Amino acid sequence: MTTSTRTSARPFRPLAGLGALVTGGSRGIGRAITSRLAADGATVVFTYATRSDAADTLVAENIESNGHVSAVQVDLADPDQVAAGFAVADEVFRTAGVGLDILVANAGVFTSAPLAEATVEEWDRVMAVNARGTFLTLAQATPRLGDNGRVVTVSTVGTHWPSAGEAIYAAGKAAVEQLTRVASRELGHRGITANTISLGPTDTDLLRAGAQPEAVEGAAAMTALGRIGRPTDIADLVALLVHPDSRWVTGQNIRADGGLT
């Protein structure tokens, strides 16, 4: 496990004085979420799996304008690494004079195969990160979260609007949704909210690498807004849900798909 941390002065922002942990925060949607929370003044620790170059770049980009951002490499399927990652975050937050107030469980992996062709190995790989990883993250985060904290998890509209070939992926994300609903019940007495954002097609390198251009265009045409999502669309919604004014929204699954479903 490796870490990198840099700090700069920042003006007052809505999340100043709060600590946030974002899993899978170095690229794509997670990168946008990390940058948005940092821009709003939070002290942010984000996890990444393998791409230390992307993590270091994101830390560097946030120094001047957005304050305190740190990266920690974690295999979210490994209980010991998850615990160690949270220990690193504890120290970052302690040094910054904040606690853990915001958790965004964004990390996930994707697979696509018809049921007749899907393998146990792919099931185990996806469940290890998407379901087990979210469970381990929540288990470490819940005793650390301060009163009136915020939990946001990331799922897919595929749990409501199934697509052929996505049984394993949808099953893993369905577990994420139920973990979040239970968390909302367990943590509500402390004023902590827990919500899921279910994504439609969103313009990331992963999507572009795995989908044909005509498929992306077709998905865009099916939305009410005539385009696919952008990572900043999701980051803005996360910022809304973690804001103190969202205190009465909990246990919800919000579809962020531009009207696709």
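The values are calculated or read from the model by the stated rules, or taken from the named source; none is laboratory data. As the structure is a computational prediction, the values presented were derived from the model and not from experiment. Using ideal geometry, Cβ is built from the backbone for each residue, glycine included, and neighbour counts are taken over all protein chains shown.
Listed conditions (1) in contact with a Pro (Cβ under 9 Å, 6 or more places away or on another chain); (2) surrounded by 19 or more Cβ atoms within 10 Å (Cβ to Cβ); (3) outside any loop (DSSP other than H, G, I, E, B); (4) without any contact (Cβ under 8 Å) to a residue 60 or more places away in the chain are all met by I197, apart from (1).
Residues that are in contact (Cβ under 8 Å) with a residue 24 or more places away in the chain and among the hydrophobic types (A, V, I, L, M, F, W, C) number at least 2 in the following helices (runs of 4 or more DSSP H) confined to region 51-156: 52-61, 79-96, 120-126, 133-141. For the residues A170, A183, A175, the requirement of being surrounded by fewer than 22 Cβ atoms within 10 Å (Cβ to Cβ), in contact (Cβ under 8 Å) with a residue 12 or more places away in the chain and within 16 Å of the chain's Cα centre (by Cα) singles out A175. Within region 218-247, the residues that satisfy the criterion of being farther than 20 Å from L37 by Cα and exposed (fewer than 12 other Cβ atoms within 10 Å of the Cβ) are A221, A224, G226. The set of residues in region 159-168 being assigned to a helix (DSSP H, G or I), in contact with a helix residue (DSSP H, G or I) (Cβ under 6 Å, 6 or more places away or on another chain) and under 19 Å from T119 (Cβ atoms) consists of I168 alone. Checking T34, T47 one by one, the residue that is among the hydroxyl-bearing types (S, T, Y), buried (at least 24 other Cβ atoms within 10 Å of the Cβ), touching a residue at least 40 places away in the same chain (Cβ under 8 Å) and out of contact with any Cys (no Cβ under 7 Å at 6 or more places or on another chain) is T47 and no other. In this structure, does G41 turn out to be modelled with pLDDT of 90 or more and touching a strand residue (DSSP E or B) at 6+ places or on another chain (Cβ under 8 Å)? Here the answer is no, as G41 does not meet what is asked.
Listed here are the residues, each with its yes/no results for (1) within 30 Å of G158 (Cβ to Cβ); (2) crowded, with 24+ Cβ neighbours inside 10 Å; (3) among the aliphatic types (A, V, I, L, M).
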| site | (1), (2), (3) |
| --- | --- |
| A20 | yes, yes, yes |
| D53 | no, no, no |
| T57 | no, no, no |
| I63 | no, no, yes |
| Q73 | yes, no, no |
| D80 | no, no, no |
| A96 | no, no, yes |
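Number of residues in region 79-120 that are of a type in the set (A, V, I, L, M, F, W, C) and in contact with a strand residue (DSSP E or B) (Cβ under 6 Å, 6 or more places away or on another chain) equals 12.
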